[in-house]
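A.B. asks: Have a look at this one before I ask anything.
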Amino acid sequence: MQVTDRSGWVALAGDYKAFPALAGNIKTDWLVIGGGFTGLAAARRIAELHPSDRIILIDRRKLGQGASGRNSGFAVSREMPGAGELDKPSSRAAYLAQAEIHRAAGAEVKRLVTELKIDCDYDPNGYIFAVRERPKFKGLEERAKAINELGGDAKILDAAALKSRLGISFYNHGLWLGGGNALLQPARFAKGLIDTLPASVEAYENTEAVKIVHEPGGGATVALRDGHIRAERVIVGLNAFMPRLGLKQGRVFPISLTASLTRPLTPSEEDAIGRAAPWGGLCPIEGGATVRLTSDRRILMRNTAEYEPDGISATMLAKRRAWHEMGLAHRFPFLPKDAIEFTWSGHMCASRNWSFVFEELSQGVFAAGCYNGAGLARGTLLGKLMAEHASGETSPLVESALRQERPSWVPTGPFFTMIAKMRLAHELRVAKSEH
Ligand SMILES: Cc1cc2nc3c(=O)[nH]c(=O)nc-3n(C[C@H](O)[C@H](O)[C@H](O)COP(=O)(O)OP(=O)(O)OC[C@H]3O[C@@H](n4cnc5c(N)ncnc54)[C@H](O)[C@@H]3O)c2cc1C
């Protein structure tokens, strides 16, 4: 069966504003490259700080419709610590430093949703890490205790509590994590940010940066398909696409994720899940599934993470959709096979040591990105903080972001491709019972 790559979130978000393409030779005070959460937040903050400057925002496709309109909509404010992460003083300190950024990131999403009145089904009631098999839950009780000792809000849920909350019997062990964690419709959030961009931001779509020449006196000249932009200051919000422009090569790499969204549940299907309130479920081990019951009563299913730098072909997409059908059948056996309405893929950006990018690459050229699958909230915050840093402003949060460990080295080329594919395939195999 032919499957068209179409983000359900974007398709259901309503009509987007259209912006022209940019061509010719242009001079500007500020250029923001990439119109996802990072670029949108950066452009908004620059406009607030420099009301009379020229600010150009470009995206090679449509604003807000890359990963920012394709993700699963978990706004992370309280990150689950990794196994053993809180035990060693060094990794505990790193977790606590990142926790500060996460908390501020979740709060920034909430602030924008509230102040800009963005209608995106924002739900601040946390989400659940859940598994079917007990060994995959190893250490989660201790982690819940540690989170609570650190002032967090975690609760262990047994099979009965999970059944009553989620309306399905698939999961046996769960950990609910609140503390500011939220769920939302990501494309509607991004669209709300686009619709409320300050008037001084000149936005352009279908405008691809093909080359960045770092200028010795500061700033850069950015070549477009048809022309170039000479900018005094540049903020790069390209996330997984940084290496394609020669930035952060050997430090960050793309991971392809594929998701499906069903049509709305019918009344009898609603009965089958006891008319459960919307929820979001994550797997505590790498390679497990992400599942949501959305506010508009659809099911989101994502159960693959792969190293496919060239993207997911139509044939591959059809196969991934079949895996989503299987994941749905395990959890919602009453759903017919053709319940899926949309299937899509997108690139998230990863680094080997789970660190993000927040730095001045050359004088006047700044980059924020690579959030290891948690960029909805972090991109929204770090785009804003980068605009402040690039403006010479500082704050404890900017300082904290600058102090974080940088992405560590990863090899490039065929050897890396082979290792990355093997590692991710292994993770998917280990997590099979959780698909
Ligand atoms: C399926 C999926 C599920 C995810 N789930 C979650 C989740 O639940 N929670 C979470 O926090 N994160 C999640 N993520 C990750 C999250 O989507 C990203 O971290 C986030 O979108 C990063 O925002 P960004 O603005 O930095 O990058 P992006 O959203 O990737 O935006 C980059 C933009 O740059 C543009 N661009 C690329 N190249 C060029 C160029 N040469 N010139 C001009 N423009 C260019 C792209 O078109 C794109 O619009 C998920 C990602 C995927 C794919």
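The values are calculated or read from the model by the stated rules, or taken from the named source; none is laboratory data. Just so you know, these numbers come straight off a predicted model, no measurement behind them. As a convention, Cβ positions derive from the backbone with ideal geometry for all residues, glycine included, and neighbour counts pool all protein chains shown.
A.B. asks: Can you tell me which residue within the range 225-259, out of those that are buried (at least 20 other Cβ atoms within 10 Å of the Cβ) and more than 12 Å from the ligand (Cβ to nearest atom), is farthest from W409 (Cα to Cα)?
C.D. replies: Out of the qualifying residues, it is A231.
A.B. asks: Right, something else. I need a count of the residues in the range 197-208 that are more than 9 Å from the ligand (Cβ to nearest atom), out of contact with any helix residue (DSSP H, G or I) (no Cβ under 8 Å at 6 or more places or on another chain) and polar (S, T, N, Q).
C.D. replies: 1
A.B. asks: What residue, among those in the range 300-339 that are basic (K, R) and farther than 19 Å from R429 by Cβ, is nearest to the chain's Cα centre (by Cα)?
C.D. replies: The initial filter retains those residues of the range 300-339 that are basic (K, R), namely 302, 319-321, 331, 337.
From what's left, farther than 19 Å from R429 by Cβ: 321, 331, 337.
Values: R321: 20, R331: 25, K337: 28 Å.
Checking each candidate, the answer is R321.
A.B. asks: For the range 170-275, list the strands (runs of 3 or more DSSP E) that sit wholly inside it and hold at least 3 residues that are of a type in the set (D, E, K, R); which are they?
C.D. replies: Because the criterion is at least 3 residues that are of a type in the set (D, E, K, R), the strands (runs of 3 or more DSSP E) in the range 170-275 that meet it are 227-236.
Table: residues versus (1) more than 15 Å from E232 (Cβ to Cβ); (2) not assigned by TED's automatic domain parsing to the domain that holds E393.
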site	(1), (2)
S7	yes, yes
V10	yes, yes
A23	yes, no
R45	yes, no
R54	no, no
I58	yes, no
K62	yes, no
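A.B. asks: Has the range 174-181 got at least one residue that is among the small types (G, A, S), crowded, with 21+ Cβ neighbours inside 10 Å and away from the ligand (no atom under 16 Å from the Cβ)?
C.D. replies: Yes, some residue in the range 174-181 is among the small types (G, A, S), crowded, with 21+ Cβ neighbours inside 10 Å and away from the ligand (no atom under 16 Å from the Cβ).
A.B. asks: Being over 15 Å from the mean Cα position of the chain (by Cα) and modelled with pLDDT of 95 or more is the requirement here; does D121 meet it?
C.D. replies: Spelling it out, D121 is indeed over 15 Å from the mean Cα position of the chain (by Cα) and modelled with pLDDT of 95 or more.
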